């Protein structure tokens, strides 16, 4: 079947060429279908879940649902205390996490000497990001609730969540700082700026959008957590709006956990409605993070 | 801040006095940011002193530089005259940039760097423990290979250095911006868009902006690390003209790969060469015309005539 070109170079005949091409195309198409199928498994499951929750809960959401306290009777049950609890815990966690996480990231990227101790610290921070959240809950219970005698209050919950998400923010903050071009650093130092002035006036402004994105993503992790706070607050029934950090509290995920474990059919709807609210809060936060990151990228491309 | 930079004190001080100021500011560097700023615009020297008679600005004696175990520079001894453009030429990797950066101690940023021997500026040992690196970097300014304006407006790029030293007065800052941009031959092009981002300018304009912002901190020495290698020929020409003009007022040390450039802009030339053990050596140092026409060393001649690069 082999033919020879005028130059004497052996070449594959046209027929052979087409046959092998058909086979390769077939394999190529099969691969695409396989990958698309894998993607759809996740997407379809997620879509089914969301649709199911929406059908179950959407009709239960109204102003009363957001503004009333939990109740023993499903039609009267509301999210008020859980929403305020989430706001309090989330707000305080952000307040603690942002400065500590940013400062740690700055230290590790800009100041820390490259030695074994630093490497050890960095390794541990990465490892801490992978510790199961219930472990943090138990740690918080032992340290903040009992050792520091804070009792099962908002502050104890916020401090526990701070420990939980701090590694995430430190990792994100370091990446944001590392993305600042070294030429900025050198330019600033060469003009006789001190190290701190360089950090304050050049590094931080450039890295801030990235750090903020990291903070928001860390916060959405914190707000979605039930396990560590369950250890702190217990499965409580809160019928007041917390006014300061030393009050008992509940949060959205705990309230959901509370309701979902009840047998009566109506509680399913209440739970679904609460899940929708929680998802809304989280999606809003993530969308903000994405918007920030986009603006950041566009600016640094210029 | 204390007096910071006020109106130019004593407009007609001699060059000597200005160097003394530098010495004093380096000596007293513990209490930072107190040095009275150098004269804004030293009077133009019409009849220039011959190169050989100019006072020494930067000098090294048996200076070696190590990156960890690796010796990058070996036994360099040189005396660079002030208010002169001095070119450093040599093949890639022979340590020209390392040598340049040892004068404002930018090498300190690299872990494991060690300098042996002495490096002095106007008689002050700059690797002395008492020398404040921040103040040294103000007195020894630097322009980088790639234009690197800070991510802020043109105005803020110029005022960045003065502001960090405590200059707050708006009128004074305005004056600095106009003077430095004019000196860097950029004022006419950007005076109407001072609030535009510095990195929106063209490459050549960005490099002139970087020169202008270096002038704003009133240095004595300006180090330039291949300042034209990222620029087109027209921009290169402008920067070269600028270097020659500034060479009357500042000590300029420029690393270049371009021998024509060295010949065009510099009065003194240092030729560096890499040895077998990859350590950089200073082969020959002298007036540019001599280096290019009657080099004393065989390696210099080979390099100049393009026998290797």
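Read the figures in this text as sums done on the coordinates, not as results from a lab. Not measured: the values here are computed from a predicted model. In this analysis, Cβ positions are derived from the backbone assuming ideal geometry, glycine residues included, and neighbour counts consider all displayed protein chains.
List of remarks:
- Rounded Å value of the spacing that divides the Cα centres of the stretch B:79-156 and the stretch A:17-37: 60 Å
- Compactness index (Cα Rg / 2.2 N^0.38 Å), the stretch A:63-301: 1.16
- For residue A:36 and residue A:87, the difference between the fully extended length at 0.36 nm per residue and the C-alpha to C-alpha distance is 14.4 nm.
- GNM top mover of A:24, A:114, A:221 - chain A, alpha-carbon springs below 10 Å: A:24
- Choice from A:112, A:47, A:207 with maximal GNM fluctuation in chain A (Cα, 10 Å cutoff): A:47
- Relative protection proxy for A:127-137, A:95-105, A:228-238, from highest mean packing down: A:228-238, A:95-105, A:127-137 (other beta-carbon atoms within 10 angstrom).
- A Förster distance of 35 Å, applied to the separation of the beta-carbon atoms of residue A:118 and residue B:146, puts the FRET efficiency at 0.75.
- Here the stretch A:162-302 is treated as a sphere whose radius is the Kirkwood value from Cα pairs; by Stokes-Einstein at 10 °C and 1.306 mPa s it diffuses with a coefficient of 88 µm²/s.
- For the stretch A:12-60, the equivalent ellipsoid built from the Cα gyration tensor has semi-axes of 47, 7, 4 Å, listed from largest to smallest.
- Gain in span if fully extended, residue A:129 to residue A:44, counting 0.36 nm per residue against the direct Cα distance: 27.7 nm
- Neighbouring partner chain Cβ atoms per residue of B:146-157, average, 10 Å criterion: 4
- The protection proxy used here, the mean number of other Cβ atoms lying within 10 Å of each residue, ranks peptides A:153-159, A:39-45 as follows, highest first: A:153-159, A:39-45.
- Rounded to 10°, Cα long-axis angle of helix A:204-224 versus longest principal axis of chain A: 60 degrees
- Relative contact order (%) - criterion: Cα under 8 Å, at least six apart; region: chain A: 25 percent
- Shown for A:269, A:18: other C-beta atoms within 10 Å of each C-beta, ranked fewest to most, produce the order A:18, A:269.
- At q = 0.06, 0.09, 0.11 Å⁻¹, base-10 log of I(q)/I(0) for the protein assembly as shown (Debye sum, equal scatterers on each alpha carbon): -0.52, -0.86, -1.02
- Residue order for B:298, B:191, B:74, fewest other beta carbons within 10 angstrom first, comes to B:298, B:191, B:74.
- In this calculation the C-beta distance from residue A:68 to residue A:179 is compared with R0 = 41 Å, giving a FRET efficiency of 0.35.
- Shielding value for B:128-134 is 2, the average number of Cβ atoms from other chains within 10 Å of each residue's Cβ.
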